Amino acid sequence: MDIHRKGIIMELGLQGKVAIITGSSKGIGLETALHLVKEGAEVTICARNEDRLKEAAAYIFEKTGKEVFYIIADVSKEEGCKRVVELTVEKYGRLDILINNAGSFQADHFEKVETELWQRDLDLKLFGAIHCSRYAVPYMRQAGGGAIVNLTAISGKTPPASSMPTSVSRAAGLALTKAMSKDLGKDNIRVNAVCIGLIRSEQIEKMWKRQAPEITWEEFSKMERGIPLGRIGNTDEAAKVITFLVSDAASYITGTAMNIDGGTAGTL
């Protein structure tokens, strides 16, 4: 059925909304920025590497003909979070959406993880989300509401062995999401999380080149890994879910954590 001809079309309501996406010079963050721009949002992307940010901004302009605002920032530090929020509001006059995407993968056996690594991981994944949200919320309240999405991982729900510190910081992100949703619901600020499984990334591609360079990506993606859908996911598939969650189409969804993992997780 042609949903456009029949007039049955989902309205996302993102036209003119202002969004910040941390860690958005590549991967899921960049793909989500592209989706939001296509839906008519004004988007700030931020990361630590200026060259990558410039490349990301050029990529989005090539695909959409629209410019994004990019800011060089380290959101593992509170001052970096404050700067991103304040510069965005200074440029666009409001803030409606925050996607806390910045993160890295750090996993080892408990006794091998040094204190410094624990602190770095928590500073980036947990406190980055805390500080960005804390500076964003007053502006969302002024705008009459908003949406926050915290990116976590399925290991935050079902931590495997040797998954520290990342599984611990991701689990804390899930608790943060639920608690914030309870506190901010009265202000019409929705807070949700997405729990990422195996999604194509630079790290996964390096593993492919290292382990099986003789086969295609499609073949590597479909190797047996216990994923019920039988393949590694794409950034586009994650970006579509995140875009939905920050849109008006998800106006009655808050305090939830959605798995984007092809069915891998052992829990809902």
Odd one out for Tyr139 among (1) under 19 Å from Tyr92 (Cβ atoms); (2) in a loop (DSSP other than H, G, I, E, B): (2)
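If we scan segment 214-236, do we find a residue that is assigned to a helix (DSSP H, G or I) and under 30 Å from Gln15 (Cα atoms)?
Yes, segment 214-236 contains a residue that is assigned to a helix (DSSP H, G or I) and under 30 Å from Gln15 (Cα atoms).
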Residue satisfying all of: in segment 134-164; over 17 Å from the mean Cα position of the chain (by Cα) and of a type in the set (Ser, Thr, Tyr); nearest to Ser76 (Cα to Cα) among these: Tyr135
Leading residue by the ranking (farthest from Glu237 (Cα to Cα)) among those in segment 188-213 that are part of a helix (DSSP H, G or I) and of a type in the set (S, T, N, Q): Gln211
Every residue from segment 174-198 that is touching a helix residue (DSSP H, G or I) at 6+ places or on another chain (Cβ under 6 Å) and either small (Gly, Ala, Ser) or surrounded by fewer than 21 Cβ atoms within 10 Å (Cβ to Cβ) (or both): Leu174, Asp187, Ala193, Gly197
Residue that is within 21 Å of Leu34 (Cβ to Cβ), acidic (Asp, Glu) and loosely packed, with under 15 Cβ neighbours inside 10 Å, where the choices are Glu202, Glu218: Glu202
Yes/no for Thr158 being on the phi < 0 side of the Ramachandran plot and either among the acidic types (Asp, Glu) or buried (at least 21 other Cβ atoms within 10 Å of the Cβ) (or both): no
Any pair with Cβ under 9 angstrom, 6 or more apart, that starts in segment 146-166 at a residue that is modelled with pLDDT of 95 or more and ends at one that is of a type in the set (Lys, Arg) and assigned to a loop (DSSP other than H, G, I, E, B): Gly146/Lys17; Ala147/Lys17
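The values are calculated or read from the model by the stated rules, or taken from the named source; none is laboratory data. Because the structure is a prediction, the values reported are computed rather than measured. As a convention, Cβ positions derive from the backbone with ideal geometry for all residues, glycine included, and neighbour counts pool all protein chains shown.
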